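The values are calculated or read from the model by the stated rules, or taken from the named source; none is laboratory data. A quick note: this is a predicted structure, and the numbers were derived from the prediction, not measured. Glycine gets a Cβ as well: all are built from the backbone with ideal geometry, and neighbour counts include every protein chain shown.
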Amino acid sequence: MIVVSDTTPLVTLMKADRLDILHSLFGEVLIPEAVFSELTDNETFKEEADLIRKSAYIRVVKVQDESKVSFLQRATGLDLGESEAIIYADEAKADLLLMDEMAGRRVAQNMKLPITGSIGILIRAYQAGIITAAETDDAFERLRGSNRHIGEKLIQKALELIHRAE
C-alpha cells in the first residue's frame, strides 16, 4: 500500500501521542521533501523533528516533476508541503493521501485522489483493533488540549462512531 502524508496529520498524531499507529496501519508512510522540511526545520519543535527523523517507517521522497508542484501552488494557493504531497501522491498512484487542510483536500478530491485525515486515521486504527476505544478517547482528549484546529463537532461524530461500534 502506498501512503503519502502532508505535514498536518503527522503533527496531529504526534500531539495525540499516536504517531505509531501509522506504522501499524500502513507499514510505511512516504513524505515529500517539503513536508520533511516543514516538520524538521523549526527549532521550536526539536523533539517532534527528532521523532520524525528516527521513525524508520517514515520515508522522505522526491517529487519527479517540480513544475507540477509550482503550477499547483500558483493555481490553488496551497503551500509547498501540501502541493508536493498531492503531486507525489498522483505521481506514485498512491492508495491513500493523508491530509487535513480543507483547501488541499478539495484539490485532492478534484484530482480523484483517495484521502483521509487525522480523525479518519484514528477511526481506522480503532476499527483495525490497533487501539481501543479508551485509547481513542485519550487521543482525542490530547488533541483537544493541543491547540490543533479540529472542530468539536467532528471529534464528537468520531467518538459516536467508535462508541456505537463497541
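Here are a few things to note about the model shown:
- Total residues in segment 102-141, condition under 13 Å from the mean Cα position of the chain (by Cα) and polar (S, T, N, Q): 2
- Number of residues in segment 40-64 that are touching an Asp or Glu at 6+ places or on another chain (Cβ under 7 Å) and either modelled with pLDDT under 95 or farther than 24 Å from Gln127 by Cα (or both) equals 5.
- Test: Ala94 is more than 23 Å from Lys62 (Cβ to Cβ) and either buried (at least 20 other Cβ atoms within 10 Å of the Cβ) or over 13 Å from the mean Cα position of the chain (by Cα) (or both): no
- Applying the condition of being of a type in the set (A, V, I, L, M, F, W, C) and touching a Ser or Thr at 6+ places or on another chain (Cβ under 9 Å) to segment 42-62 and asking which residue is nearest to Leu30 (Cα to Cα) yields Ile58.
- Selection of segment 107-155 for residues being of a type in the set (S, T, N, Q) and assigned to a helix (DSSP H, G or I) yields Gln109, Asn110, Ser118, Gln127, Thr136.
- Residue count, segment 54-90 (criterion: surrounded by fewer than 16 Cβ atoms within 10 Å (Cβ to Cβ) and farther than 22 Å from Ile21 by Cα): 10
- Screening segment 147-166 for residues that are of a type in the set (A, V, I, L, M, F, W, C) and out of contact with any Phe, Trp or Tyr (no Cβ under 8 Å at 6 or more places or on another chain) and picking the one that is modelled with the lowest pLDDT gives Ile150.
- Residue that is surrounded by the most Cβ atoms within 10 Å (Cβ to Cβ) [pool: residues in segment 117-166 that are of a type in the set (S, T, N, Q) and closer than 23 Å to Phe26 by Cβ]: Ser118
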